[in-house]
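A short worksheet on the structure shown next.
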Amino acid sequence: MPEGHSVHRIARQFERHFEGTPVTVTSPQGRFAAGAAQLDGHEIVRSEAVGKQLFLEFDHGLWLRVHLGIYGAWDFAGDITVDARRPGPADATTASASGRMGQTGQRGTTVPTTDLAAHEHSLSSMGAPRLTRLRMSEQEKLEDDIESFPPEPIGAVRVRLLTDRAVADLRGPTACEVQTPEQVDATIAKLGPDPLVGDPAVGEERFVAAVRKKPTPIALLLMDQAVVSGIGNVYRAEMLFRARQNPFTPGKEVREEVVRGLWRDWVKLLTLGVETGQMLTMDDLSPDAYQRALASRADRHWVYHRTGEPCRVCGTPIMMQELGGRKLYWCPVDQA
Ligand SMILES: [Zn+2]
């Protein structure tokens, strides 16, 4: 399941390569034919992620809402951005101070407050679109070049968004629907705060208030999208280890400074995830260890997917237990 950083990166692709030009909207698979007809020929004027959901606003006021769920994926091709940048540890430590998207009002204009674009390599070129293809889902994968533009849809494509320079094919989403502004507001109102949407200080207060009134284990609250947006199984396990917090403590019994620390850590990790495309959760790595962490998931995490392996801090075997239908990983000593 894609976590929040992936969806923010997908929103960025749309912002850079689809906004401001008419979009041909179709449903090659047919299941979204009626929705596609409502959007066809209009321009995308805003692209936003809130947690795990993507919202694209078109110039006549209707929105496309997409939730990838577990199996969904976007395939981009043509003039798209491939994130070739792999920052060093020095960048990682400053990442929390940059990269935040400003927002005014509940769903106001999103303004990039940093020049992240300067760090990335757009494959855009004058003339014909380049033949690159990039899959964006839980992971990002550069696939074989396309042979001509636009490429034929592959498989059951629910919706295709096509401009003269770029194409995005959506497959396997949990949700794909046209919404009015009122419906978008109602959807977002049910979601917990996202550090990259609106003022993170306001988000922190909402998060603290929600956690501190619930008897639910903190490990479940972190993945409850009504409490906080965008956290999935990897970030949840890693954030609890980073806080040395017992995952089973009821939210209302977790000390307030720990709850605030969890939020601030999410702000930091999400920002870093959006920049790198990786869920980097280990700090203070040597340059070599940092490169290993970027290259290999086995070297990237404190506890996630490390059942039975020695804790990187105390050596105790990492524990795993199903909680709410998802695997939870933790160190029984550091997180006692
Ligand atoms: Zn430990």
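What follows draws every value from the coordinates through simple rules; no lab data is involved. Please read these numbers as outputs of a predicted model, since none were measured by experiment. All Cβ positions, even for glycine, are placed from backbone atoms using ideal geometry, and neighbour counts span all protein chains on display.
Brief remarks on what is shown
- FRET efficiency for Val45 and Thr249, using Cβ-Cβ distance with R0 set to 41 Å, rounded to 0.05: 0.40
- Value at 222 nm in deg cm²/dmol, rounded to 500, when DSSP H runs of n ≥ 4 in the chain each add -39,500 (n - 2.57): -8000 deg cm²/dmol
- The stretch 232-292: trypsin sites (Lys or Arg not before Pro) falling in loop per DSSP and having at most 16 other Cβ within 10 Å: Arg244, Arg255
- Peptides 175-187, 51-63, 323-335 ranked from most to least packed, by the mean per-residue count of other Cβ atoms within 10 Å: 51-63, 323-335, 175-187.
- Using alpha-carbon coordinates, inclination of helix 4-17 to the longest axis of the chain, degrees: 20 degrees
- Between 0 and 90°, nearest 10: helix 233-242 axis offset from the chain longest Cα axis: 40 degrees
- Amide H contacts under 5 Å for Val157, placed H, 5+ residues apart: Gln29
- Long-range amide H partners of Val45 with built H, under 5 Å: Glu57, Phe58, Asp59
- Site pair Ala156 and Glu177 shows an inter-label distance of 1.9 nm when each label is modelled 7 Å from Cα along Cα→Cβ.
- The stretch 27-80-the stretch 225-290 distance, computed between alpha-carbon centres (Å): 29 Å
- Which of Ile80, Ile70 has the fewest Cβ neighbours within 10 Å, and the rest in rising order: Ile70, Ile80
- Label positions at Ser286 and Ala336, each projected 7 Å from the Cα along the C-beta direction, are separated by 3.1 nm.
- Interchain or long-range residues, amide H under 5 Å from Ile318's placed H: Gly308, Glu309, Cys311
- Take each peptide in 198-210, 274-286, count the other Cβ atoms within 10 Å of every residue, and average; sorted highest first, the result is 274-286, 198-210.
- Top positive-direction residue, dipole computed over the stretch 142-193 with Cβ charges, set Val167, Phe149, Gln183: Gln183
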